[in-house]
1. Considering the stretch 57-79 alone, what residues qualify as being loosely packed, with under 11 Cβ neighbours inside 10 Å and hydroxyl-bearing (Ser, Thr, Tyr)?
2. What do you reckon, is residue 212 part of a loop (DSSP other than H, G, I, E, B) and either on the phi < 0 side of the Ramachandran plot or of a type in the set (S, T, N, Q) (or both)?
3. Which residue is farthest from the chain's Cα centre (by Cα), if the candidates are limited to the stretch 142-177 and must be among the aliphatic types (A, V, I, L, M) and farther than 21 Å from residue 198 by Cα?
4. Could you list all residues from the stretch 130-163 that are of a type outside the set (S, T, N, Q), modelled with pLDDT of 95 or more, open to solvent by 20 Å² or more (accessible area, probe 1.4 Å) and closer than 27 Å to residue 226 by Cα?
5. Every residue in the stretch 56-85 that is part of a loop (DSSP other than H, G, I, E, B) and under 26 Å from the mean Cα position of the chain (by Cα), please.
6. In the stretch 270-311, what residues are open to solvent by less than 50 Å² (accessible area, probe 1.4 Å), in contact with a helix residue (DSSP H, G or I) (Cβ under 6 Å, 6 or more places away or on another chain) and outside any loop (DSSP other than H, G, I, E, B)?
7. In the stretch 29-52, what residues are open to solvent by 70 Å² or more (accessible area, probe 1.4 Å) and in contact (Cβ under 8 Å) with a residue 12 or more places away in the chain?
8. Could we say that residue 88 is assigned to a loop (DSSP other than H, G, I, E, B), under 25 Å from residue 370 (Cα atoms) and in contact (Cβ under 8 Å) with a residue 60 or more places away in the chain here?
Amino acid sequence: MHYRLSALAALMLAAATPAAAETVVVTADRMIDVVSGKVIEHPAIFITDGRITSIADARTVRWGSDVRHINLSGKTVLPGLIDMHVHLDSNPLYGGYTGLQFTDSFWAIQGTANARAMLKAGFTTIRNVGSENYADVGYKQAIEEGLIAGPRIVPAAHSLGATGGHCDSTYLPPSFKSKGVAVGDGAQELRRIVREQRKYGAEVIKICATGGVFSRNTEPGQQQLSEDEMRAIADEAHQWGLKVAAHAHGAAGIKAAIRAGIDTIEHASLVDDEGIKLAAARKQPVWFSMDIYNTDYTQAEGKKNGVLEDNLRKDREIAQIQRDNFRKAHAAGVKMVFGSDAGVMPHGTAAGQFRVMVQYGMTPIEAIRAATLNAAEALGRTKDVGAIEVGRYGDLIAVEGDPLKDVNVLTKVTDVIKGGERVGD
């Protein structure tokens, strides 16, 4: 009996003793320091237990045989990218009513492939702004458990909106009694819904302040939540330590959202000069997340994929206006983050937006910072993502060529490292 107890105690002690943390060193020809905007030659980035512990010169530093080496010779490394506006549940191949051919669980299952596509494209962190059945919370949990591959996810769960608005279910007749899960009317009801979404895993609150392009019976310029309702949502979310993202195409809704204390304005397509001035001047930072790339896909492929003509009409009408307003907002000093609206176009193509951001006024380093430093700040996560710095996660991507000269090389990511682990290894 004494032997059995001793053996059991030894097993329990072994189980309780943490395994020695593995150290990885990543070397490359060059590293983009997004903080300084400079190129660092021959970096050696040491990562222990998923976080960066030191950065040295690979030509002079030495490491032991117990350090695993990831050799990215000939390549340039950058921080893992952050996309602030993603819909993993969505699939652009099924537009309009064509999605009704599938059972409800289909959307979450196919979303696992979308999560992997985002990761392989270099996006090691994403903010998923709206999901049915708390699927984005489920993706996050499954990724963290190592069951599926995907980026770090900041989930919003269900999107909040007004009855009949962009976040409501607007495609079905009254007999279906179809209603968005997080639809509410009035400040107090919307406060309750904020608490409910947080209760079940939301880490950001998504609202629909205006109408939208791909909903039915709404126009992008329509304001659909009052300023008082948005202020109540923002106050409630901030009390719980959550930020708020507002889908807002129309000028009035954008300005109301800025005044109400919303943290990020999604799309911002029809913003006017007053709205740009409000955003640039607000003491509490507000960020614009403008998806100025995806219209290339929706106009080329939307009709074939079943998108209704009315939705394509709205998309055509605002596309160039949004791009021109992106240029104006950036020139005026509005804080900007990278948000692709992946799901409207294929998830793996999201990095195509860098080219359009540069085309409409950003320098390459500004576009890269929008998807790294700026996004991390907007998330409130400047200690773990968004830069290659000691203490942050060992999330890196590698490309061939110089993205500071040709930002389009970011569409051809060759290697992705998340927390010191090479994706695909």
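1. First pass over the stretch 57-79, keeping only residues loosely packed, with under 11 Cβ neighbours inside 10 Å: 59-60, 62, 64-66, 73.
Of everything in the stretch 57-79, those that are loosely packed, with under 11 Cβ neighbours inside 10 Å and hydroxyl-bearing (Ser, Thr, Tyr) turn out to be 60, 65, 73.
2. Details: part of a loop (DSSP other than H, G, I, E, B): yes; either on the phi < 0 side of the Ramachandran plot or of a type in the set (S, T, N, Q) (or both): yes.
Yes; evaluated as a whole, the condition is true for this residue.
3. For the stretch 142-177, the residue satisfying everything is 172.
4. Of everything in the stretch 130-163, just one residue is of a type outside the set (S, T, N, Q), modelled with pLDDT of 95 or more, open to solvent by 20 Å² or more (accessible area, probe 1.4 Å) and closer than 27 Å to residue 226 by Cα, namely 134.
5. Within the stretch 56-85, 80 is the sole residue that qualifies.
6. Those that are open to solvent by less than 50 Å² (accessible area, probe 1.4 Å), in contact with a helix residue (DSSP H, G or I) (Cβ under 6 Å, 6 or more places away or on another chain) and outside any loop (DSSP other than H, G, I, E, B): 275, 276, 279, 287, 288, 295, 298.
7. 35, 41, 49, 51
8. Yes: the conditions hold for residue 88.
The values are calculated or read from the model by the stated rules, or taken from the named source; none is laboratory data. Keep in mind that this is a model prediction, so the values were computed, not measured. Note that each Cβ is placed from the backbone with ideal geometry, even for glycine, and that neighbours are counted across all protein chains shown. These area figures cover heavy atoms from the full protein model, side chains too; ligands, DNA and RNA do not enter into them. Shrake-Rupley method; radii C 1.70, N 1.55, O 1.52, S 1.80 Å.
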